[in-house]
Amino acid sequence: MSTRALLLAGGLGTRLRPLTDTVPKCLVPVGGQPILTWWLDALEAAGITEALINTHHLPDPVRAYMVQQNAQRALQLSEAYEPELLGSAGTVHANRDWADGADRIVVIYADNLSDIDLGALVAFHDSHDDPMTMALFRAEHPEKCGIATLDAQGVITEFIEKPEHPASDLANAGIYVLDAEAWCEIADMDAFDFGFDVIPRFAGRMRGFAHPGYHRDIGTPEALAAADADAPGLRG
C-alpha cells in the first residue's frame, strides 16, 4: 500500500522570535540538526518515500534544505508554497490531488520533537476500519491542548480544543493517518484548522493511538531549550 506524508512547516514561529526572524521554524536546530530532519528520518524509517512540505515564512532556506535532502535521501520532498497561510486544513484543501494514487497520508505538525514510530502508527491505522487515526500523548497541562476521549475500542468519541475542564490527559500529538478518502473529504470541507474545524467532525469514526514515548512542542524558548537538552537521549 502506498503512503505519502504532509509536513506542516509553514508557521511563523512568533513565540521563538528573534530566532525565527532569520530562521524558519521548521529549520530551528534541535540537538544539532533542524527539527525537520528529525521528521524526515522518522518518515524514512517507516519506509515512506514521498512528502509534501508547506512553506510560507522564509521559504528560500527551506527550498535550499529540500534540494539538499532530495540529493541524499530516498525520501523525495515537494513544496506547497502558501503566499498567505491557509491553516492546517486549508493546506489539505489546496493540495487535494496529493492523495491521488496513495492509499493513506500521514499528516505531521513539524514543530514537535518526538520519538514516535511512524511505521507502528501506520500499522495501527491499517488494523482498524475507521478513516482516520490520531496520535496521542500524555499531556502535562491538558488544558493547553486538544484533548480526546476514547471508548473501550479506542474510538475517539469526543475531542475538545483547550478544554477548561479536561476529561483526560490524552492530547493531540499533531500527527494523523488518513485514508485517501478522508483526505479528500477534508479537502472538500474547505476548512481552516484541524483541531477546531476538522477533528470534531470525525468524532466516532477515528481511532486514537497512544504514543508511550517522548513528545514535545518546541514553540517557546523554554520548550526549545528543554527539547535541545532531551534530544541526545532520543537518538537510537
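What to note about this one:
- So Glu158, is it open to solvent by 70 Å² or more (accessible area, probe 1.4 Å), farther than 26 Å from Thr220 by Cβ, in contact (Cβ under 8 Å) with a residue 12 or more places away in the chain and more than 19 Å from the chain's Cα centre (by Cα): yes
- Selection from the stretch 138-179 of residues that are farther than 13 Å from Arg207 by Cα, part of a loop (DSSP other than H, G, I, E, B) and among the acidic types (Asp, Glu): Glu140, Glu164, Asp169
- Test: residue in the stretch 132-148 that is in contact with a helix residue (DSSP H, G or I) (Cβ under 8 Å, 6 or more places away or on another chain) and open to solvent by 10 Å² or more (accessible area, probe 1.4 Å): no
- Checking Cys26 against (1) touching a helix residue (DSSP H, G or I) at 6+ places or on another chain (Cβ under 8 Å); (2) farther than 19 Å from Val107 by Cβ; (3) modelled with pLDDT of 90 or more, the condition it does not meet: (2)
- Within the stretch 128-149, the set of residues being among the β-branched types (Val, Ile, Thr) and either more than 18 Å from Ile108 (Cα to Cα) or free of Cβ contacts under 8 Å to residues at least 60 places away in the same chain (or both) comprises Ile147, Thr149.
- The strands (runs of 3 or more DSSP E) found wholly in the stretch 9-127 and carrying at least 3 residues that are buried (at least 19 other Cβ atoms within 10 Å of the Cβ) and in contact (Cβ under 8 Å) with a residue 40 or more places away in the chain occupy 50-55, 104-109, 112-114.
- Subset of the stretch 203-220 (residues that are outside any loop (DSSP other than H, G, I, E, B) and open to solvent by 70 Å² or more (accessible area, probe 1.4 Å)): Arg216
- Residue satisfying condition, being modelled with pLDDT of 95 or more, farther than 16 Å from Phe196 by Cβ and more than 15 Å from the chain's Cα centre (by Cα), within set Ala139, Ala120, Ala152, Ala74: Ala120
- Test result for Ala223, farther than 26 Å from His125 by Cβ and either surrounded by fewer than 15 Cβ atoms within 10 Å (Cβ to Cβ) or touching a strand residue (DSSP E or B) at 6+ places or on another chain (Cβ under 7 Å) (or both): yes
- If you filter the stretch 183-202 down to residues that are open to solvent by less than 40 Å² (accessible area, probe 1.4 Å) and over 16 Å from the mean Cα position of the chain (by Cα), you find that the one that is nearest to Pro142 (Cα to Cα) is Phe202.
The values are calculated or read from the model by the stated rules, or taken from the named source; none is laboratory data. Note that the structure is predicted; figures quoted are calculated from it, not measured. For neighbour counting, all protein chains shown are included, and Cβ atoms are generated from backbone atoms with ideal geometry for every residue, glycine included. What goes into the accessible areas is simple: the full protein's heavy atoms, side chains included, and nothing from ligands, DNA or RNA. Shrake-Rupley method; radii C 1.70, N 1.55, O 1.52, S 1.80 Å.
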